[in-house]
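Structure first, commentary second.
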Amino acid sequence: MLPQGKFPPKVFINGEIHSFEEARISVFDRGFLFGDGIYEVMMQLENGIFYKKAHLDRLQNNLNKIHIAFNVKEVERNLEPLLRASGLVDKSCLIYMQVTRGIAARKHAYPKEATPSVMMYALPYALPKVNPNKMNAILVPDVRWHRCDIKSVSLLGNIMANEAAMNNGADEAALVRDGVITEGSHTNIFFVKDGTVITHPANEHILNGVTRMIVLQLCQELGIPVLERAVTEDEIEQMDEAFFTGTTTQVAAIAKLGNHVYFHGEQVGTVTLRLQQAFGKLRSKETSGLTFETYINPQTI
Ligand code: PDD
């Protein structure tokens, strides 16, 4: 018996589509043995898959970083059959994709002849235009490795931090490495000080979120100054506003971070609110002077 929960209707594995109960992988898959694989999460919304190219480019980039020889065009080609089999064509849904190095006898070094394993699914998932949640986040030491730019399926550090947040009745954990806030357990984090948006630079200590990049682009369009620098734990209380970003989180106002309260009730900060509204508009057809495909510079992913 599988545990209850929100499983997807169908699962794509290496060219075949199965019911979720019947979807199987080998115990010798290196994703299972070593966490040797890359994943991606994107949303299909009313205008199609939101920033599909940015997500697929990042998947390709990450696979290249760990030398998994795989062309993401294969994933892209199979999205439509998966959505069709799942009854989710043109429906709001979350799309999860992962590519591992494949099946091989257990040895640490990369096997010479493994064929990458591909798994993906689509899950019905509705997102409001603006995330109404007022986030309460705890601070957790960032015990992860030094290649957080790689969207690896090994997420132990992230899930331990998120579990700590849940156990403390919080919504998210903000990670602290060497006295600076890096990112959330599954989100990027932004601060606002005197009208300037501040966020950790996209280096090896954070995942460069697609939503992060969209928000930085929106700041440029709205004339909001940006500083890409790390904020220290000591500076939290000097900041005026803070928010998390992520594919399912969108732009979420932080009401409380650690012991510091940014706002009570519904009083979301003005810059956060502006960005939330601008982000929400990206989904509506009226604003489609921009194309999702070209909005983000692939060089920055
Ligand atoms: N998480 N940082 C981390 C550690 C993440 O896991 C994520 C995404 C982000 C935000 O990236 P993006 O804006 O591209 O979603 C930042 C995904 C959604 C997840 O693990 O489910």
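The values are calculated or read from the model by the stated rules, or taken from the named source; none is laboratory data. In this text the structure is predicted, and so the values were computed from the model without any measurement. Here Cβ is always computed from backbone atoms with ideal geometry, including for glycine, and neighbour counts include all displayed protein chains. Just the protein is used for accessible areas: all its heavy atoms, side chains included, with ligands, DNA and RNA removed. Shrake-Rupley method; radii C 1.70, N 1.55, O 1.52, S 1.80 Å.
Residues of the chain: accessible area per residue at 1.4 Å, in Å²?
Values: 14680 Å² over 301 residues.
Heavy-atom accessible area per residue stands at 49 Å².
Could you sort 128-135, 232-239, 49-56 so that the peptide with the highest average Cβ count within 10 Å comes first and the rest follow in order? Before the final figure, lay out each step's value.
Numbers: 128-135: 16.5, 232-239: 14.5, 49-56: 21.0.
Going by the mean number of other Cβ atoms within 10 Å, highest first, we get 49-56, 128-135, 232-239.
Apply 1/(1 + (r/R0)^6) to the Cβ-Cβ distance of N136 and K73, taking R0 = 45 Å, and write down the FRET efficiency to the nearest 0.05.
On the way: r = 42 Å, r/R0 = 0.93.
That gives a FRET efficiency of 0.60.
Beta carbons within 10 angstrom, averaged per residue: use that to sort the peptides 147-154, 94-101, highest first. Mind dumping the intermediate values first?
Values: 147-154: 17.4, 94-101: 22.6.
Highest-to-lowest ranking by the protection proxy: 94-101, 147-154.
Whole-Hz ³J(HN,Hα) for each residue in region 188-202, computed from phi via Karplus 6.51 cos²θ - 1.76 cosθ + 1.60 with θ = phi - 60°, x for glycine and proline: what do you get?
Running phi through 6.51 cos²θ - 1.76 cosθ + 1.60 with θ = phi - 60° gives 9, 10, 10, 10, 10, 9, 6, x, 9, 8, 10, 8, 4, x, 7 Hz.
Based on DSSP H runs of at least 4 residues, each adding -39500 (n - 2.57), what is the mean residue ellipticity at 222 nm of the chain after dividing by all its residues, to the nearest 500 deg cm²/dmol? Don't skip to the end; give the middle numbers.
Details: 7 runs with 73 residues, N = 301.
The per-residue figure over the chain is -7000 deg cm²/dmol.
Ranked from highest to lowest mean number of other Cβ atoms within 10 Å per residue, what is the order of the peptides 6-15, 177-186? Please list the in-between numbers first.
Details: 6-15: 17.0, 177-186: 20.5.
The peptides rank, most packed first, as 177-186, 6-15.
Given a Förster radius of 25 Å and the C-beta distance between T232 and V143 as r, what FRET efficiency does 1/(1 + (r/R0)^6) yield to the nearest 0.05?
Values: r = 18 Å, r/R0 = 0.73.
For T232 and V143, the calculated efficiency is 0.85.
How many angstrom lie between the Cα centre of region 190-241 and the Cα centre of region 87-154?
Spelled out, the Cα-based centre of one part sits 23 Å from the other.
Rounded to the nearest 0.05, what FRET efficiency is calculated for V261 and T115 with R0 set to 41 Å and r the Cβ-Cβ distance? Before the final figure, lay out the partial values.
On the way: r = 52 Å, r/R0 = 1.28.
Calculated transfer efficiency: 0.20.
Whole-Hz Karplus ³J(HN,Hα) for region 45-55, in order, using 6.51 cos²θ - 1.76 cosθ + 1.60 and θ = phi - 60°, x for Gly and Pro?
Ordered by residue, 3J(HN,Hα) equals 10, 5, 9, x, 7, 5, 6, 4, 5, 4, 5 Hz.
In degrees between 0 and 90, to the nearest 10, how far off the longest principal axis of the chain does helix 156-167 point, with axes built from Cα atoms?
The answer is roughly 50 degrees.
What is the gain in length, in nm to one decimal, between L155 and D178 on full extension, counting 0.36 nm per residue of separation less the C-alpha to C-alpha distance? Spell out each step's value before the answer.
Details: separation 23, 0.36 × 23 = 8.28 nm, distance 2.01 nm.
Computed gain between L155 and D178 is 6.3 nm.
First check a/c for the chain, with a ≥ b ≥ c the square roots of the eigenvalues of its C-alpha gyration tensor; if it is under 1.5, answer rounded, and if not, answer prolate when a/b is larger than b/c or oblate otherwise.
On the way: a/c = 1.75, a/b = 1.42, b/c = 1.23.
It is prolate, given that a/c is not under 1.5 and a/b is the larger ratio.
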